[in-house]
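Chemist: For reference, the structure I am asking about is given below.
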Amino acid sequence: MPPALADAAGTPTPADAGTTPATVDAGGGVRAVVRLAPTTLLTGADLTAAEVLAADADGVYWVTSANELWMLPTGSETPRRLAVDPNLSDGISNGTCLAARGKYLFWSAYVKAPAPNYFNAPLHRTDKMGGDVVLFPSFWCAGSQPASDDGHLYYVASGAETAYVAALPLDADPGTAPTLLAPIDSGMSVYAMAADNQYVYWNEWPLAEMVPVDTGPVFRGETAALLAGEQTHEGEYLADAVSQLLPSGGRLYIIYETLTTARVGRVDEQGVEADLPLPVGSFAVVGDWVVTSTGRLGYPSGKSYAASTAAVAGDGSVAVEIADDVAFPPVAGAPGLVFVDSGGHLLAVSAPDIGAAVAAGQP
């Protein structure tokens, strides 16, 4: 295993409970303390060209600006290329999506296409052990990543007169017709979608809006009933403007975002909502910790902040800055929080080290 990454002086940078933490403005009216957690270098490979990450128990995965899919198997320091789209990349470096589920990886990236389309975004399904097929010639990722559970991939499909939340079996043959689960209101689209093994969640926003702010509400449907042909759902699950969704551990983590306010929220199994003491960003759940990150593709040196999954804004707990050089959204995986820094290093912060940093930063 590669060693823990060191600072410029050559010494490790763990959270230090023996000094007073610095207080910083994390944005959105949230104050945080700095307790940088120790990081582990996962591979010597250069991930400067990576655009999106995914991770699970089997490894860490990324798609590059050349539309190549790579995998770093768990326990290995040597990545291997799994697939490549033979078409020319559109060179825009956005719209790339990637999801890991079971033995498959689902990914899509824009490629050049003849007029009048000019670009397409083929949806690939790649087997981790080898083999790649294109399920659709062009695919739109709702929100930042596809949604899936143990049986299906969820996405937006166009019907004869309206669009639908649709489901496709993970092992479906190319050309298989999806199951249409729930209609989307006319003039609306889906910005974010998520799923666990009981529900599929999505939000709607007006197609006429160029910027998906003040999105919402959030809808929820029980997947077993929807897949059985009951094309109904529970209606509005949350009425607030929500731009990101993340189910984890029976809870739904949410980014509330309007033109004037932004906050991180949590909805428990009883539907009780609470705000977390975290700034807004992409988010991941690593063990007992929620992490939000400001790193975006093309804007390196983002920061990652952590708090307990049980924390509530106003209860005295504070956000803790655990990483300060995050190139784009991190993910949760076997090594912990996995991210790429501005130098193209693939790094991880373990769940215990996140916990130590959060504990050391509390008043």
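The values are calculated or read from the model by the stated rules, or taken from the named source; none is laboratory data. As the structure is a prediction and not an experimental result, all values here were calculated from the model. As a convention, Cβ positions derive from the backbone with ideal geometry for all residues, glycine included, and neighbour counts pool all protein chains shown. Only protein heavy atoms, including side chains, enter the accessible area calculation; ligands, DNA and RNA are left aside. Shrake-Rupley method; radii C 1.70, N 1.55, O 1.52, S 1.80 Å.
Chemist: Scan region 287-304 residue by residue and report those that are outside any strand (DSSP E or B) and of a type outside the set (A, V, I, L, M, F, W, C).
Modeler: Of the residues in region 287-304, the ones outside any strand (DSSP E or B) are 287-288, 294-295, 297-298, 300-301.
GLY287, ASP288, THR294, GLY295, GLY298, PRO300, SER301 - these are the residues of region 287-304 that are outside any strand (DSSP E or B) and of a type outside the set (A, V, I, L, M, F, W, C).
Chemist: For residues that are under 23 Å from ALA99 (Cβ atoms) and open to solvent by 20 Å² or more (accessible area, probe 1.4 Å), tally how many sit in region 334-349.
Modeler: Residues meeting the conditions: 2.
Chemist: For TRP107, all conditions in the list (1) modelled with pLDDT of 80 or more; (2) part of a loop (DSSP other than H, G, I, E, B); (3) buried (at least 17 other Cβ atoms within 10 Å of the Cβ); (4) of a type outside the set (A, V, I, L, M) hold save one; what is the number of the exception?
Modeler: Condition (2) is where TRP107 drops out.
Chemist: Within region 271-286, is even one residue acidic (Asp, Glu), farther than 27 Å from TRP62 by Cα and either assigned to a loop (DSSP other than H, G, I, E, B) or open to solvent by less than 30 Å² (accessible area, probe 1.4 Å) (or both)? I'd like the intermediate steps shown before the answer.
Modeler: Of region 271-286, the ones acidic (Asp, Glu) are 273, 275.
Those still in the list that are farther than 27 Å from TRP62 by Cα too: 273, 275.
Within this subset, residues satisfying the condition of being either assigned to a loop (DSSP other than H, G, I, E, B) or open to solvent by less than 30 Å² (accessible area, probe 1.4 Å) (or both) are none.
Looking through region 271-286, none of the residues is acidic (Asp, Glu), farther than 27 Å from TRP62 by Cα and either assigned to a loop (DSSP other than H, G, I, E, B) or open to solvent by less than 30 Å² (accessible area, probe 1.4 Å) (or both).
Chemist: Suppose the filter is aliphatic (A, V, I, L, M), outside any loop (DSSP other than H, G, I, E, B), under 16 Å from the mean Cα position of the chain (by Cα) and under 26 Å from ALA172 (Cα atoms); does ALA83 pass it?
Modeler: Taking the combined requirement at face value, the residue does not satisfy it.
Chemist: While we're looking at this one, here's another question. Give the residue, chosen from ALA327, ALA357, ALA332, ALA348, that is at pLDDT 95 or above, closer than 16 Å to GLY281 by Cα and touching a strand residue (DSSP E or B) at 6+ places or on another chain (Cβ under 7 Å).
Modeler: Numbers: ALA327 fails: at pLDDT 95 or above; ALA357 fails: closer than 16 Å to GLY281 by Cα; ALA348 fails: closer than 16 Å to GLY281 by Cα.
Unique residue meeting the criteria: ALA332.
Chemist: Are any residues in region 26-57 more than 30 Å from VAL318 (Cβ to Cβ), open to solvent by 20 Å² or more (accessible area, probe 1.4 Å) and not in a strand (DSSP E or B), and if so, which ones?
Modeler: Once the filter is applied, which keeps residues that are more than 30 Å from VAL318 (Cβ to Cβ), open to solvent by 20 Å² or more (accessible area, probe 1.4 Å) and not in a strand (DSSP E or B), region 26-57 yields GLY44, ALA45, ASP46, THR48, ALA49, ALA57.
Chemist: Follow-up. Restricted to region 219-255, and to residues that are assigned to a loop (DSSP other than H, G, I, E, B) and closer than 23 Å to GLY287 by Cα, which residue is most open to solvent (accessible area, probe 1.4 Å)?
Modeler: Within region 219-255, the subset assigned to a loop (DSSP other than H, G, I, E, B) is 228-235, 239-241, 249-250.
Narrowing the set further to residues that are closer than 23 Å to GLY287 by Cα leaves 249-250.
Working: GLY249: 80, GLY250: 42 Å².
So, considering only residues that are assigned to a loop (DSSP other than H, G, I, E, B) and closer than 23 Å to GLY287 by Cα, the one most open to solvent (accessible area, probe 1.4 Å) is GLY249.
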